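Reading through the structure tokens given below for one structure.
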Amino acid sequence: MKLPLFLILFAPAWAQEVVPGRFIVELEGEPAARLATRAARRAAVAREQAVVERAIRARGGQVTGAVDIVANALMVEGAEAAALEGLPGVRKVHPVRRYERVMYDFEREIHGVGQAWSEIGGDAKAGEGMKIAILDSGVLETHQAFRQPDLPMPEGFPKGTLAATNNKVIVARSYDRSSPRDTVGHGTAVASVAAAAPHNGPGGFFAGVAPRAWIGNYKVEDSGGGIYNDVVLRALNDAVGDGMDVINMSFGSPGVGTEDEIMLRAFDRCLENGILLVRSAGNTPGAMTVDDDAAYARVIAVGATQNSRVAAAASVVPSQGAAMPGQPASNSSAAAPLSGAVMDAAAEGDASGLACNPLAPESMTGRIAVIQRGQCFFSEKMANAQRAGAIAVIVYNAAAPADGSNPDDYFTMDLSNAETPITIPGIMIGHSNGRRLIELSKSVEDFTVQVRFGTATMDPRRMASFSSRGPGVGLAIKPDLVAIGVSVNTAVLPAASAASCSPFTETICSVSGYSMISGTSFSSPYVAGAAAVVKGARKGLSVDEYRSLVVNSTNSVDIEDATRTPVQSAGSGHLNLRNALQNTLAAAPVSLSFGSGGSTLELTRKLRLKNLSGEPATVTLAVDTADEFKPVVSPDVLTLEGGETAEVDVAFRASNLPDGAYQGFITANTSLNGVTTRVPYWYGTTTPETPASIVTYVQRSTVGVNEQAQVYVRIHNPTGLPLGDIEPKVTPITLGATVVGVRRSTFPNAWLVTVQPGRTGSNSWRVEAGTVSATFSVTGR
């Protein structure tokens, strides 16, 4: 598996592949979920498990782990399911399924984080007293992002592998006997978005959403890169036992309409213990692709939007000749493109062209300085150019770099050691291109360049192309909300050289220890951090009330003069932490699905609203939609005393309803503040039965040319509902590639296509249904 450094997308296995010979054996007795009776019940559970474990061993099985809080279950390997199902005391045998990471800037102000900090006393109060569990590939606690010596260690901690903990990372657990420390980089990046300590990174101030929160490191990814539900179950069990407040899970698989019942019961027990559950929606675009576990009603599923800036190809583009790829300096990743004439430092009294000594004042005014690498720090070169009036700096690599690297390599220039602030941007390019640039500047009349620092302005209200969409299981509205998931600025594993972090390695790292990454993996910890801030600042609420404050206090993601963003893409809207802190209304449920049906409907849903303040409030309700047909709210005005709950009817009645999806928001505004509570609703017609989109997933993207690959295909109507009875037509595009067979999958509304590549390299096939088509590829080796 190869991970591109700046656009990392894990396409998870559609069906959460079942792992042969590995099971979760659930026992009949109830687990020790309730804190008040936990100690006594755990002892009883241990006795029950010991009896069953002996029986399992007698049948050739090996017990590799156990849980007793979120479930009463044993993890078993090396036995057959049939041999386990009949054992006395066994309730059910569950298969072990595999999850995948869902990766694909941290723009605090887009989500109201900075404003929220100000209202609670600054970043030193954000998340105070809260513990966020990161179930992932581990956390590198030695990273600067997790050094917070002034954060007091809570009583009873640290826990787990103590050598991998500190004042910030107070739990470190691994489930395959390896170190809990991150060697992949994904978990470190996720944890940094949720709760990194405030510090100065290469690009300036860096902090997580909840910088005062503690981190629990639960390394659920094994050494082979696998994440399995039996291990996740053990981590959930530990997180409850360790007293975590929020759990973040940036992994999963696209939805197929099935539920992992033992996991859902475990989620319920986490919620019973006051823990908020946050999960990535997934990185598989298309209808009904939200991970099935994320589709559970009380899990906060998070989709991804664009950033206000996105990573693009950093380069120097001359007015004549080909573009020269490069890497922006550590202070320049967010810099806007800049154009101007260039000036070689060697032409300004510095024969070496190194700019290690001061340049003549104003000698480079309005110019872009071109400087060779070597002899002194990058910060010194850029400071000298800045004092000489340069508007930007291009540093090109040395002809024979002292570190032995290739002269045409380029990397991030770390300016963190600058004695004076560097306010101009910089970029590094290879030696050959640097020399070509200087020659062009001498020979081309009116020669100029445009320096692109790797960012482009985007609208953060637009959905990320990779973000999974709903409906979820049972036609629920999922994701619940969205947060930025493109070009997220994260802490990653520090590396000795840029080569070790190339797109062809499996490690998420950089020389500076920071990088921009994309994926719903990083949207999720935005929300997990926000949940910790809200829970820490507003004590005494229920887990469902906290969830509503986070989910229903959002901003619209609709774009002016454009089609409204579907609620099955963005849920209630964009995370807004400031609104969540100020809102005094909690809604239950957090969204209203009217399901699907024909052109005539007469359905009513109940919506409960609770005044969380101690003061009386007048609540005004309305329906916000662009649709002609819409539900009616009754009553549309409420008076709620402090702490009071009231119920309203949301009735959707229509006949001769045109085909399509009907959606919008029930909005509630109170007399106490300016925050709007936004509860999304949705109804989809089952007609027309005309294919409008095709979703595909290739289980194994690389196989031998004599091997077969399996591809899941699902066809959807214009509403986004599946058309399970329409068989797809699959034809090879690549010469020699073949279709072995097409049959119904065991998963709802899906087809299983078996193909075989005809050559090494990329092989492609076309899937057709009606007038729509899609393509997929398998690499032959």
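Worth pointing out:
- The sole residue among GLY122, GLY138, GLY65, GLY127 that is farther than 26 Å from ALA281 by Cα, of a type in the set (Gly, Ala, Ser) and not in a strand (DSSP E or B) is GLY122.
- Every residue from segment 447-472 that is modelled with pLDDT of 80 or more, outside any loop (DSSP other than H, G, I, E, B) and open to solvent by 30 Å² or more (accessible area, probe 1.4 Å): GLN450, ARG452, MET463
- For segment 528-560, the candidate set comprises residues that are among the aliphatic types (A, V, I, L, M) and more than 13 Å from GLY127 (Cβ to Cβ); within that set, the residue that is modelled with the lowest pLDDT is ILE559.
- Checking segment 282-296 against the condition returns no match, with no residue being at pLDDT 95 or above and not basic (Lys, Arg).
- Filtered residue count, segment 338-355, keeping only those that are under 21 Å from GLY366 (Cβ atoms) and either touching a Gly at 6+ places or on another chain (Cβ under 8 Å) or modelled with pLDDT of 85 or more (or both): 11
- Any chance ALA398 is open to solvent by less than 70 Å² (accessible area, probe 1.4 Å) and in a loop (DSSP other than H, G, I, E, B): yes
- Index of the failed condition, GLY160 passing every other in (1) surrounded by 23 or more Cβ atoms within 10 Å (Cβ to Cβ); (2) small (Gly, Ala, Ser); (3) at pLDDT 95 or above: (1)
- Leading residue by the ranking (nearest to HIS199 (Cα to Cα)) among those in segment 504-543 that are open to solvent by less than 20 Å² (accessible area, probe 1.4 Å) and polar (S, T, N, Q): SER515
- Hey, VAL444 surrounded by fewer than 15 Cβ atoms within 10 Å (Cβ to Cβ), at pLDDT below 90 and of a type in the set (Val, Ile, Thr) or not: yes
- Filtered by the rule that a residue be assigned to a strand (DSSP E or B) and more than 13 Å from ALA388 (Cα to Cα), segment 334-367 gives LEU338, SER339, GLY340, VAL342.
Listed here are the residues, each with its yes/no results for (1) open to solvent by 20 Å² or more (accessible area, probe 1.4 Å); (2) outside any loop (DSSP other than H, G, I, E, B); (3) over 23 Å from MET244 (Cβ atoms).
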position: ARG547; (1), (2), (3): yes, yes, no
position: VAL551; (1), (2), (3): no, yes, no
position: ARG564; (1), (2), (3): yes, no, yes
position: SER569; (1), (2), (3): no, yes, yes
position: SER572; (1), (2), (3): no, no, yes
position: ALA580; (1), (2), (3): no, yes, no
position: ALA587; (1), (2), (3): no, yes, yes
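- Condition check for ILE371: modelled with pLDDT of 90 or more and open to solvent by 40 Å² or more (accessible area, probe 1.4 Å): no
- Pairs, first basic (Lys, Arg) in segment 563-579, second surrounded by fewer than 24 Cβ atoms within 10 Å (Cβ to Cβ) and assigned to a loop (DSSP other than H, G, I, E, B), C-beta under 6 Å, six or more apart: ARG564/ASP558; ARG564/ALA626; ARG578/GLY112
- The strands (runs of 3 or more DSSP E) found entirely in segment 675-753 that carry 2 or more residues being touching a strand residue (DSSP E or B) at 6+ places or on another chain (Cβ under 9 Å) and under 30 Å from ARG547 (Cα atoms) are 676-685.
- Filtered by the rule that a residue be more than 30 Å from the chain's Cα centre (by Cα) and either small (Gly, Ala, Ser) or surrounded by 19 or more Cβ atoms within 10 Å (Cβ to Cβ) (or both), segment 411-425 gives ALA418, ILE422, ILE424.
- Count of residues meeting criterion [open to solvent by 10 Å² or more (accessible area, probe 1.4 Å) and among the β-branched types (Val, Ile, Thr)] in segment 135-157: 1
- Residue match in segment 654-662 (condition: loosely packed, with under 12 Cβ neighbours inside 10 Å, touching a strand residue (DSSP E or B) at 6+ places or on another chain (Cβ under 6 Å) and either under 14 Å from LEU603 (Cα atoms) or not aliphatic (A, V, I, L, M) (or both)): no
- Candidates SER174, SER192, SER179, filtered to the one that is at pLDDT 95 or above, on the phi < 0 side of the Ramachandran plot, surrounded by fewer than 20 Cβ atoms within 10 Å (Cβ to Cβ) and among the small types (Gly, Ala, Ser): SER179
- Entry remark, segment 271-280: residues being open to solvent by 20 Å² or more (accessible area, probe 1.4 Å) and in a loop (DSSP other than H, G, I, E, B) number 2 in total.
- Verdict on GLU644 being within 26 Å of ARG547 (Cβ to Cβ) and open to solvent by 10 Å² or more (accessible area, probe 1.4 Å): yes
- Some residue of segment 218-225 being at pLDDT 95 or above and within 19 Å of ASP291 (Cα to Cα): yes
- Evaluation of MET249 against (1) farther than 25 Å from ARG91 by Cβ; (2) surrounded by 24 or more Cβ atoms within 10 Å (Cβ to Cβ) (one fails), failing number: (1)
- Identity of the residue in segment 754-769, open to solvent by less than 70 Å² (accessible area, probe 1.4 Å) and not in a strand (DSSP E or B), that ends up nearest to VAL730 (Cα to Cα): PRO757
The values are calculated or read from the model by the stated rules, or taken from the named source; none is laboratory data. Note that the structure is predicted; figures quoted are calculated from it, not measured. Backbone-built Cβ (ideal geometry, glycine too); neighbour counts: all protein chains shown. Note: accessible area is taken over every heavy atom of the protein model, side chains too, but ligands, DNA and RNA are not part of it. Shrake-Rupley method; radii C 1.70, N 1.55, O 1.52, S 1.80 Å.
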